[in-house]
Amino acid sequence: MKLRPELLRGIRALGHDQPTSIQKRAIKAILTRRDVIIQVPRSEERTLTYLIGLLQHVDPREPSCQGIVLVHSKDLCFAIQDLIEGMAKHRQISWSVCVGGYPVRQDIEKLKSGQQIIIGTPGRLIDLMTERRGFDISHVKMIVVEDSCIMFNSTFRTQALDIIHRSPSRAQRVFMTTATTFTLADIKRILTPNANIILSDVHMSEGLELFYTLVEKEELKLNSLCELYKTSDMGKSIIFCDNGERVDWLADKLSALFENIEVFPLHSMTNQIERHEIVKSFWQSTNPTIIVTTDSFAAVLSFKPVKYSIHFDLPYKKEDYHDRICCCGGYGSPGTVINILMRNQLYDLGLLERYFRIQSKELPVSVNNYYHTFKNFLNLEFIINMLINIYLIFRRKHLFRYHHSNCLLSRKQFFVSECTFQVNSYCLMYYVKLVSFAHITHVMVIVSVAPNLP
């Protein structure tokens, strides 16, 4: 592709030696300087793709703004900044992040000093372009829209279109998208009729293991989650909840239960600077770490996929489920997705799976885990005696006080001659052979254990 040597050094320093098949096709299309619409589902892979093309086009000798990246999320802007900082460290290129929530005066001062690449949200950028006259876009060579599916289906749509139409007609327009949920043909027809469309040829399920585990009540989800962390080496993992209050509650519970694991809550009420520090600390940590978050931060966290993505709650929107999955891999990258569900949520999970053409299976639990849980939380002698009581009730026998050691019930002595157990995916079944003076009978008792036990 004849990339600049200093750009190649920056890419390799980030640990990327070979481009994926979609990156090869997409970068070649960008380097032709034609308008292009590209579907790259995973965040880091998608961002690397258009940043390589953008940094290849930027001329370090020209101080004016040459590239604009429109992003729908503040946190995603800072994640892109961290990535471009590593890629461009061998090139004399300046860049700036312009988002709401920070003083406009700081952005104006930085832009007046000359910034060749500007990364920002549409609201702040349109304000700087029109009201503040912070920078001139007449020399822009490329304008990139990060995740067009979200951008053109949100409140940013009008502002993003305004920026695109204000850019020079000769400027290259690159529209990135995660999936085909937004009609790509409409983007091509409205904005860029001569655009080239590059689609991913890898399905999202490649490399993924998808599981679900069932609980009887909402209150038992925490028990199931704790059992996962007790019996498995989870390493770095992300847990998704449906709102900020639930994030704080779950993070507090996990912090109290697992002192050797660092737990970070991350949601929209977290301070912007603190959010940025949490994400950086999570990526840099070498110890077991958990981030408990909402769907708003899935796109940011998918920059560096982790081993496990755990869904404590199902998402409200189908697109959010896609972003959650990308946080732990998919599209050829290995990862494990675990959904913690009540039985009445299986239908909702089925709808999501049919939409994305994927299929999950019930989370297996080893015999050792079942036996360990049973041994710790239940007493076998008590279960056997309870079983005898149940048996006698069904035979309409009058029950008297009994002693556990010899199981004297109804003036008849019972003893256990055989006791075996069998494990399936739902429960632990004990088959107990009870022998009395009068008759021999086989009785089965079913004991529900992990992951539903408190």
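Shown here for segment 285-326: chymotrypsin sites (Phe, Trp or Tyr not before Pro) in loop regions (DSSP other than H, G, I, E, B) with at most 14 other Cβ atoms within 10 Å, namely Tyr316. Here the residues Glu216, Glu6, Glu146, ranked from fewest to most Cβ neighbours within 10 Å of their Cβ, fall in the order Glu216, Glu6, Glu146.
The stretch between Arg33 and Ser113 holds 26.1 nm of extra length on full extension. This uses 0.36 nm per residue minus the Cα-Cα distance.
Note on Ala256 and Arg354: the extension gain reaches 31.5 nm, defined as 0.36 nm multiplied by sequence separation minus the Cα-Cα distance. What the phi angles of segment 290-298 give under the Karplus curve with 6.51, -1.76 and 1.60, with θ = phi - 60°, is a coupling list of 10, 10, 9, 8, 10, 5, 4, 10, 5 Hz, glycine and proline written as x. A Förster radius of 35 Å combined with the Cβ-Cβ distance from Thr231 to Asp17 puts the calculated FRET efficiency at roughly 0.45. For Lys110, the aspartates and glutamates whose Cα falls under 18 Å of its own Cα, not counting residues fewer than eight places away in the same chain, are Glu62, Asp82, Glu85, Asp127, Glu131, Asp136.
Near Gln56, once Lys and Arg are set to +1 and Asp and Glu to -1 for all other residues with Cβ below 11 Å from its Cβ, the sum equals +3.
Rounded to the nearest 0.05, what FRET efficiency do Ser285 and Asp162 give with R0 = 45 Å and r taken as the Cβ-Cβ distance? Could you check? Efficiency, rounded to the nearest 0.05: 0.65. A Förster radius of 35 Å combined with the Cβ-Cβ distance from Met269 to Glu362 puts the calculated FRET efficiency at roughly 0.50. List the trypsin sites (Lys or Arg not before Pro) within segment 1-61 that DSSP assigns to loop and that have no more than 15 neighbouring Cβ atoms inside 10 Å. Listed in order of number, the matching sites are Lys2, Arg33, Arg34, Arg61. Applying a DSSP loop filter and a limit of 13 other Cβ atoms within 10 Å to the trypsin sites (Lys or Arg not before Pro) in segment 321-364 leaves Arg357.
Where a number appears in this text, it was derived from the coordinates with a stated rule and is not lab data. Quick caveat, the model's predicted, so the values are computed rather than measured. Note that each Cβ is placed from the backbone with ideal geometry, even for glycine, and that neighbours are counted across all protein chains shown.
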